[in-house]
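Enquirer: Have a look at this one before I ask anything.
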Amino acid sequence: MRTTAVITVAVAVLSGPLVAQENKPVPKDSVRVFIPGCTKGYVFTAGRRTQDQPGSADIPEGMHLRMNGPKKVMAEIKAQEGSMIEITGLMRKGQYRPGGVGIGGGVRITPGPAPTDSSLPGNPSVSQVLIDVEGWRPVVGDCPPR
């Protein structure tokens, strides 16, 4: 009788966290994505897709994403620098639109900005793609040396 009670309590305790891991609903203007790659600071570099880990977005290999997320999750990801991980998060629809012509290997040729009289460079953060990170998991693979 006592072992039955212990087993029942153990199952209840262990199944609790599984219920708590439900994802929040995705806003209409966003999409949930799963992207393998590597991190350095708050920048995530999309990695190569494999047959068993295809990811869920058409983000090309080598693309940089700016990560936003809870401090705890970002600290866990920072501890994984140099290791291949897959992040799960929300991106706005239409935020990423590849322009120009793809020539392979994640390389695209795009037209440059129109010439202006100003000698000030453009703002590099304007075209930065953002992802609101919800979680991560380790995946098989190595990050390329920097």
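Enquirer: Taking a threshold of 20 Å on the Cα-Cα distance, which of the pairs LYS24/LYS78; LYS72/LYS93; LYS40/LYS93; LYS28/LYS71; LYS24/LYS71 fall above it?
Expert: Working: LYS24/LYS78 23 Å; LYS72/LYS93 26 Å; LYS40/LYS93 25 Å; LYS28/LYS71 25 Å; LYS24/LYS71 18 Å.
Violating the 20 Å Cα-Cα cut-off are LYS24/LYS78; LYS72/LYS93; LYS40/LYS93; LYS28/LYS71.
Enquirer: Tell me, what ³J(HN,Hα) does each residue in region 135-145 have, in order and in whole Hz, if you take phi through Karplus 6.51 cos²θ - 1.76 cosθ + 1.60 with θ = phi - 60° and put x for Gly and Pro?
Expert: x, 8, 8, x, 10, 6, x, 10, 7, x, x
Enquirer: Take peptides 39-47, 68-76 and line them up by average Cβ neighbours within 10 Å, highest first, as a rough protection proxy.
Expert: 39-47, 68-76
Read-outs: derived from the displayed coordinates by stated rules, not from any lab. Keep in mind that what you see is a predicted model, and the values were worked out from it rather than measured. Virtual Cβ from ideal backbone geometry, glycine too; neighbours counted across all protein chains shown.
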